[in-house]
């Protein structure tokens, strides 16, 4: 299945901004993070299709995963 | 900081200066000071531009000391935009300089009998008020350049641009930064119009010969400041993200979360977001010889500000903040960073609130005055405001008035003040703050976005109703207290997550004043300020029915999450009556 992974702020350094990645079925967000080499501490905020998600959430074909380091502003 | 300077601008002959002890206002600073004076001394039913209104300027409790981050200054008055009490604050240099000159507040009272324009110069020797009609209708940058020629570059200025002189509801009060540029604004609520109604164009502050304010307990203060700075540096938001990208790092995350108001609050996510994101903005600044990591005042260790140069490498404006980039960007369908930076410059120069101005243009676009996405048209509309043409005067009235004049239903305001950069349907906690803050729709009054979106201070799901009332209440109380200290609100990211950094803040206040404040005292302070503000509003005619969002937020579903604002009215009433 195909998952779109979007990275933001410092997580882009040495990686990518956005990429479609092929995965086997039944993978979780944690598996995805391992695959792209991001630690759980670095991934402070994760959205799946625009909704906050936890590390153990299972992903499905076509999901968009957005990963942010700790950020703030306003 | 043991005296209050009062200037009666309406006195017979010339403005009259009175300097008083603190009296009933001892122990207050920033928002606590401005709201106490306004609620006690201003008749709530007065016209905001009349002689009965007062314009209060107050540095925070820690401003002027060696404490990091203590450079916020508050201005307060009855607001011409909302008709309620108003406090707006800004960074820049004036808070530190005014505090070192010894003033806990400046209160401009009365109203000149004619249209003479005054400048007020304050240094260690005293106060000089001079009529200077050569300053009439000068925009802020030109005005400050003139003041630099006249008084040298060791000054800090508080000023109004052309919008303030024309007494527009969108008018801001500008404060100069470390480079003596008029870039940090007390933006909201038309405070610039009230300063303009007092006939004061600029206050020039010079603290040459004055020393830093000394804390009661120097050793304890030094130790607390060190722990405070360590805490800010250690937290990933204040130590890394804000210095690297500035506040505009939020564009991408709000758009991804579906809470980024787009095309005048029609949609929750903007296709052009990545082109105007903090990541892009910081990169442009680096490429063009600007700077994405810059402090707006001496003593700032977070340094979330920046310098934005144009394509040719010349200074254009300070790094536009997230709210500005949103208001003039996605909310108007504009995804051109240089056009947004030009709008930021024009806003600062004419002296208008970037949030209210951008929201107003979006309403005007909804009315068909210009097309969504037309950056050139947006720039021309802001120029109309600066000139004061009839169209400019209408837009200068703000989003609510523009909506009424042009017959637009979708007008995102509470108590007449435009909502900032978070859609309350998809970030419900901030919707509670918009509805219930005594200031009108104001994100800084209780920044639930931190906990709803950024997972700072815990996590409350932004799309659900549960927990939002309590979240907004606690944040509004804490914010009222922080706004009194002179501390930049961004310390909250570290203070909310790290108990030892909150303790360091308390220790700073205690060591400075020889007090024994606890967390409970801070809560009490915040509650007292909100109670004064709500009491003023109540006497000005506000009821619980004013603590509501416009109806369309509970009726029109917001894409992509298909959500409405569904927090019940009776629950909103529990924010201040738990």
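Considering only the range B:321-336, state which residues are over 21 Å from residue A:71 (Cα atoms) and either surrounded by fewer than 24 Cβ atoms within 10 Å (Cβ to Cβ) or within 13 Å of chain A (Cβ to nearest Cβ) (or both). Give the steps one after another, and end with the answer.
Of the residues in the range B:321-336, the ones over 21 Å from residue A:71 (Cα atoms) are B:328, B:331-336.
Result: B:333, B:335, B:336.
Would it be correct to say that residue B:247 is within 14 Å of chain A (Cβ to nearest Cβ), under 24 Å from residue B:393 (Cα atoms) and crowded, with 24+ Cβ neighbours inside 10 Å?
So residue B:247 does not fit the description; no.
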**Prompt:** Can you name every residue in the range A:52-62 that is within 22 Å of residue B:455 (Cα to Cα) and more than 8 Å from every other protein chain (Cβ to nearest Cβ)?
**Reply:** A:53, A:54, A:55, A:56, A:57, A:58, A:59
**Item:** Subset of the range B:275-320 (residues that are within 14 Å of chain A (Cβ to nearest Cβ) and in a helix (DSSP H, G or I))
**Value:** B:275, B:276, B:278, B:279, B:280, B:281, B:282, B:283, B:286
**Prompt:** Considering the range B:218-237 alone, what residues qualify as being over 25 Å from residue B:517 (Cα atoms) and in contact (Cβ under 8 Å) with a residue 60 or more places away in the chain?
**Reply:** B:237
**Complete:** Per the list (1) within 30 Å of residue B:180 (Cβ to Cβ); (2) free of Cβ contacts under 8 Å to residues at least 40 places away in the same chain, residue check on residue B:87 breaks on (2)
**Request:** Answer yes or no as to whether residue B:239 is over 29 Å from residue B:360 (Cα atoms) and out of contact with any helix residue (DSSP H, G or I) (no Cβ under 8 Å at 6 or more places or on another chain).
**Result:** no
**Fill in**
Those residues of the range B:548-575 which are in contact with a helix residue (DSSP H, G or I) (Cβ under 6 Å, 6 or more places away or on another chain), part of a helix (DSSP H, G or I) and surrounded by 15 or more Cβ atoms within 10 Å (Cβ to Cβ) amount to B:572
**Message:** So, restricting to helices (runs of 4 or more DSSP H) that lie completely within the range B:412-526, which ones have at least 2 residues that are more than 26 Å from residue B:96 (Cα to Cα) and within 14 Å of chain A (Cβ to nearest Cβ)?
**Reply:** B:428-436, B:449-452
**Request:** Tell me, yes or no, whether the range B:179-202 has at least one residue that is within 16 Å of residue B:63 (Cα to Cα) and surrounded by fewer than 23 Cβ atoms within 10 Å (Cβ to Cβ).
**Result:** no
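So which of B:543, B:518 is closer than 28 Å to residue B:68 by Cα and exposed (fewer than 15 other Cβ atoms within 10 Å of the Cβ)? Please lay out each step first, then the result.
Details: B:543 fails: closer than 28 Å to residue B:68 by Cα.
That would be B:518, the only listed residue that is closer than 28 Å to residue B:68 by Cα and exposed (fewer than 15 other Cβ atoms within 10 Å of the Cβ).
Looking only at the range B:122-146, which residues are farther than 15 Å from residue B:183 by Cα and either buried (at least 20 other Cβ atoms within 10 Å of the Cβ) or free of Cβ contacts under 8 Å to residues at least 24 places away in the same chain (or both)? Quick ask: steps written out before the conclusion?
So the first thing to find is which residues in the range B:122-146 are farther than 15 Å from residue B:183 by Cα, and the list is B:122-138, B:146.
Hits for the range B:122-146 are B:122, B:125, B:126, B:128, B:130, B:131, B:133, B:134, B:138, B:146.
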**Item:** Subset of the range B:361-382 (residues that are surrounded by fewer than 24 Cβ atoms within 10 Å (Cβ to Cβ) and under 17 Å from residue B:550 (Cα atoms))
**Value:** B:366
**Prompt:** Does residue B:167 fit the bill of being surrounded by 24 or more Cβ atoms within 10 Å (Cβ to Cβ) and over 15 Å from the mean Cα position of the chain (by Cα)?
**Reply:** no
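Each row is one residue, and each column tells you yes or no for (1) assigned to a loop (DSSP other than H, G, I, E, B); (2) closer than 30 Å to residue B:229 by Cβ; (3) out of contact with any helix residue (DSSP H, G or I) (no Cβ under 9 Å at 6 or more places or on another chain).
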{"position": "B:1", "(1), (2), (3)": "yes, yes, no"}
{"position": "B:24", "(1), (2), (3)": "no, no, no"}
{"position": "B:40", "(1), (2), (3)": "no, no, no"}
{"position": "B:50", "(1), (2), (3)": "yes, no, no"}
{"position": "B:62", "(1), (2), (3)": "yes, yes, no"}
{"position": "B:65", "(1), (2), (3)": "yes, yes, no"}
{"position": "B:81", "(1), (2), (3)": "yes, no, no"}
{"position": "B:104", "(1), (2), (3)": "no, yes, no"}
**Request:** Residues being in contact with a strand residue (DSSP E or B) (Cβ under 7 Å, 6 or more places away or on another chain), buried (at least 18 other Cβ atoms within 10 Å of the Cβ) and closer than 30 Å to residue B:118 by Cβ: count how many of those fall in the range B:203-244.
**Result:** 4
**Request:** Please state which one of B:444, B:436 is over 23 Å from residue A:69 (Cα atoms), touching a residue at least 40 places away in the same chain (Cβ under 8 Å) and within 23 Å of the chain's Cα centre (by Cα).
**Result:** B:436
**Message:** Out of everything in the range B:527-542 that is more than 19 Å from residue B:472 (Cβ to Cβ) and part of a loop (DSSP other than H, G, I, E, B), what residue ends up being farthest from the other protein chains (Cβ to nearest Cβ)?
**Reply:** B:541
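Do we have residue B:385 as part of a helix (DSSP H, G or I) and surrounded by 24 or more Cβ atoms within 10 Å (Cβ to Cβ) here?
Numbers: part of a helix (DSSP H, G or I): yes; surrounded by 24 or more Cβ atoms within 10 Å (Cβ to Cβ): yes.
Spelling it out, residue B:385 is indeed part of a helix (DSSP H, G or I) and surrounded by 24 or more Cβ atoms within 10 Å (Cβ to Cβ).
Based on this model, can you work out whether residue B:509 counts as surrounded by 15 or more Cβ atoms within 10 Å (Cβ to Cβ) and either closer than 30 Å to residue B:219 by Cα or modelled with pLDDT under 95 (or both)? Before you say what the answer is, go through the steps one by one.
Values: surrounded by 15 or more Cβ atoms within 10 Å (Cβ to Cβ): yes; either closer than 30 Å to residue B:219 by Cα or modelled with pLDDT under 95 (or both): yes.
It is true that residue B:509 is surrounded by 15 or more Cβ atoms within 10 Å (Cβ to Cβ) and either closer than 30 Å to residue B:219 by Cα or modelled with pLDDT under 95 (or both).
Of everything in the range A:1-51 that's touching a residue at least 40 places away in the same chain (Cβ under 8 Å) and assigned to a loop (DSSP other than H, G, I, E, B), which residue is farthest from the other protein chains (Cβ to nearest Cβ)?
Residues of the range A:1-51 touching a residue at least 40 places away in the same chain (Cβ under 8 Å): A:1-11.
Now restrict to residues that are assigned to a loop (DSSP other than H, G, I, E, B): A:1, A:8.
On the way: A:1: 21, A:8: 5 Å.
This residue is A:1.
The values are calculated or read from the model by the stated rules, or taken from the named source; none is laboratory data. Treat the numbers as computed from the prediction; the structure is a model and nothing was measured. No Cβ is skipped: glycine too gets one built from the backbone with ideal geometry, and neighbour counts run over all protein chains shown.
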